[in-house]
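Data first, discussion second: the structure below is written as structure tokens.
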């Protein structure tokens, strides 16, 4: 349920920001892609998928900007940024779950050594 709420919120944010100039949106989506890569999205299958979508959409938007279709480019970049932000959220969630599992394992390990 949380996942669907996150997806909806990210999508709504992307649509609300579609009126931003494409060059500013390009910078935002590129920064979000870079952040997703830095926090490990490529190593998480679902996050990697959304990261790849963001990259493809950003490249498509660059072509649209070059062709002079700034309105459509802004919409494509909004989608790209939403996908990149979703990749960030998914990667962070996976990282936090791995950290939590590591802590649980450590507790069990310590409990086992108390016997």
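The values are calculated or read from the model by the stated rules, or taken from the named source; none is laboratory data. In this text the structure is predicted, and so the values were computed from the model without any measurement. Positions of Cβ are backbone-derived with ideal geometry, glycine not excepted, and every protein chain shown enters the neighbour counts.
Things to note:
- Checking each residue in the stretch 66-81 for being under 17 Å from the mean Cα position of the chain (by Cα) and over 21 Å from residue 35 (Cβ atoms) picks out only 75.
- Meets criteria (surrounded by 13 or more Cβ atoms within 10 Å (Cβ to Cβ) and modelled with pLDDT under 95) for residue 20: yes
- In the set (1) assigned to a helix (DSSP H, G or I); (2) free of Cβ contacts under 8 Å to residues at least 24 places away in the same chain, the condition left unmet by residue 81 is number (2).
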